[in-house]
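Presented below is the structure to which this report refers.
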Amino acid sequence: MRHQQVVMGIPMSVDVPDRDDAAVREAVTMAFASLHAADRRFSRFDPTSEVSRYARGEVLVVSDELREVLALAERAADESGGAFSIRRPDGGLDTDGVVKGWAAQRAVDILVAAGIDQLCCNAGGDVAVVGEPEPGRGWNVAVRDPEDGRRVLALLEVRDGAVATSGTYERGAHVWDGRTGLPAMGLTSATVVANDLVRADILATSVLAMGPDGVSWAAARGAATVIAVRPDGEVLTATAGAVPHLV
Amino acid sequence: MAARPWRGTLIYVGAVAVMTAAGVAKFNGVGAVDAAAAPAADGATSDESATTGPDSTDTGSTESGADQTGSGSSSDSTDPGSASTEGSSTSDDVTIVGSVAQTRYGNVQVSVTFSGDRITDVQALQIPDREPRDVQISQQAVPILTQEAIESGSARIDTVSGATYTSEGYIESLQSAIDQRG
């Protein structure tokens, strides 16, 4: 059963195969509620959201959620040598590079805590999976080719892991290099496979910001696999463990 | 789950067109997708186009009028259902029009052709095209998901990473068509 809602202006879905009982539906409702709550807290477009008030210096007591997101962002900025930044070139605060993956992983954690042991969560193209869709087979996650949506750049069979893709092809150059303040142009897309979606999403955004140098960098910092595409179409890959099996 | 190591297999990497030739043929007849599909369409085989041809022209012609209403969201749940059973008594092939899924960039609506229990064709009836940027999104994001829908008939691809905006709207409309069929 696939459950889908629009959160943060982005379609998000939870696919729980073979189960549609009350317990699953209640857990899915809670998971989406947590996503909507994160949306309200971190919306840049809502002047009354906590992140908007924080950016204006109006928040005296920071919530646990905002503190966690800011800590993740600070760590990512340190690790990437400043390439990853939640400070926009125009001076504004933009936590989107952390919040989507963080919120989606939190939703997945709610589902797992409710006893769901096989699921696929797709948060606007960022994917977290648990278990297997059917015995003996992992979740087949296709990564779209940034140059051509008819093509699949890679096909990943994933169990208990996450796949995040950050690219310039759908939303333009919305990722910038925090070191220069300029739009990240060195890659057209970066896909990261990691244990969880918090890490995968931050690493994917960091790799896009860093450019080609970020590919091997991410493989040393929690990425199981990195797949990136240069503007000329060249595909760069790195893995933390064994060499991937290329077909 | 963070404590558990990632288990998985990188099946392949590269600019590999996994879409089958039959899948490419599906995009013919969908205006906004034509441009994107054209370069690869020449190699398409005709193994399924014979059965899907009449359906696709049928839905295509009726869709263009409804397409322009755009704001027909209030009737989403009722109007597609009426078409759902018309072909079932005469043929194994049934084409069902999915509900209109509203996305940030516009409406997405698809029709699905079943042959028995298998999905043999998916046509995008509505995809966002209000602005040049949207057209670009549509051309890039919808075809891969058409492929996904077709592939899902044989359980090959479960989800897609990297198609941010249109993916779920597409899946939603697709799912509604599947649900209507029962």
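Please treat every number below as a calculation from the coordinates, not as lab data. All values reported here derive from a predicted model rather than from experimental measurement. FYI the Cβ positions are ideal-geometry reconstructions off the backbone, even for glycines, and counts take in every protein chain you see.
Points to keep in mind about this one:
- The convex hull defined by the C-alpha atoms of chain A has an orientation-averaged projected area of 13.5 nm².
- Among A:141, A:62, A:28, the largest mean-square fluctuation in a Gaussian network model of chain A, built with springs joining Cα atoms closer than 10 Å, belongs to A:62.
- With the charge dipole of region A:2-239 set up from +1 on Lys and Arg Cβ and -1 on Asp and Glu Cβ about the Cα centre, the Cα lying farthest toward the positive end among the listed residues A:99, A:238, A:209 is that of A:209.
- Loop-located chymotrypsin sites (Phe, Trp or Tyr not before Pro) in region A:11-71 whose Cβ has at most 11 other Cβ within 10 Å (DSSP): A:45
- Neighbours of residue A:8, meaning other residues whose beta-carbon lies under 9 angstrom from its beta-carbon, give a summed charge of -1 when Lys and Arg score +1 and Asp and Glu score -1.
- The slack in the chain from residue A:46 to residue A:68, taken as 0.36 nm per residue of separation less the alpha-carbon distance, amounts to 5.9 nm.
- Mean separation of Cα contacts under 8 Å, 6 or more apart, over the residue count of chain A: relative contact order %: 15
- A dipole drawn for region A:2-239 from +1 and -1 charges on Cβ atoms has a positive end, and of A:73, A:32, A:224 the residue lying farthest that way is A:73.
- Mean separation of Cα contacts under 8 Å (6+ apart) over length of region A:1-62, as relative contact order %: 21
- Across every pair of non-identical alpha carbons in region A:55-175, the mean reciprocal distance, once inverted, gives a Kirkwood radius of 16.6 Å.
- Evaluated with a Cβ-only charge set (Lys, Arg +1; Asp, Glu -1), region A:2-239 carries a dipole of roughly 420 debye about its Cα centre, given to the nearest 20.
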